[in-house]
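Novice: Got a structure for you, questions after.
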Amino acid sequence: MGFPENWITNQISQETYDRWHSSINNNKRIIEGMIGRLSGDYNATHKILMANVEKLTDLEFIYKNASPLDKQELLRVVFERNLYYQNGMYRTPTMIDLLSHNSQIMSEKGLLIYEKKRENFSIPLLSGEGGIRTRGTLQYTRFPSVLDRPL
């Protein structure tokens, strides 16, 4: 026995029927809308996409047309959440590789100081405060208290 038949034979209340009927009709409208969108003319959509595809790679266009929240997110992504303003200049230790080639130009224009941080902190420094120049452990000579000296 189906949904309307249960109401007709008084197996469900009017309130339950109304609630289910409303829910089913809402789902039906949503599905009909999806079918309408999915069966649309993709040639028109493709033409719009092809007419505007160059704008997708134009960061200036994207930035100018973005909302303030989208602009903030774009800056967070480009500078990996490390952009700050100090002494009248923007500074960052990180920038995505895709745009880092522009860092010299931005520096020359007085827009940004890009002080790249060390890539991998698990690699020890070769000299300076980090210790000696040779990597690895020192080897003992045949005399236990005398170390081989690195060149």
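Novice: How large is ³J(HN,Hα) for each residue in the stretch 66-73, as worked out from phi by the Karplus curve 6.51 cos²θ - 1.76 cosθ + 1.60 (θ = phi - 60°), to whole Hz, x for Gly and Pro?
Specialist: Coupling constants for the stretch 66-73: 7, 6, x, 5, 5, 5, 4, 5 Hz.
Novice: Over all Cα pairs of the stretch 52-114, how is the pair count split among 5 Å bins, expressed in % and running from 0 up to the last occupied bin?
Specialist: 4, 17, 22, 27, 21, 7, 2, 0
Novice: When the dipole is taken about the Cα centre of the stretch 52-114, and only Lys, Arg (+1) and Asp, Glu (-1) are charged at their Cβ, what size is it in debye, to the nearest 20?
Specialist: Numbers: 7 positive and 8 negative charges, 46 e Å.
Charge dipole of the stretch 52-114: 220 debye, to the nearest 20.
Novice: Right, something else. For Ala66, enumerate residues with amide H under 5 Å from its amide H, sequence gap 5+ or separate chain, H modeled in the peptide plane.
Specialist: Here nothing satisfies the definition.
We did not get these values from a lab; they are worked out from the coordinates using the rules stated. Being a predicted model, the structure only gives us computed values, none of them experimental. When we count neighbours, we look across all protein chains shown, and the Cβ atoms used for this are built from the backbone with ideal geometry, even at glycine.
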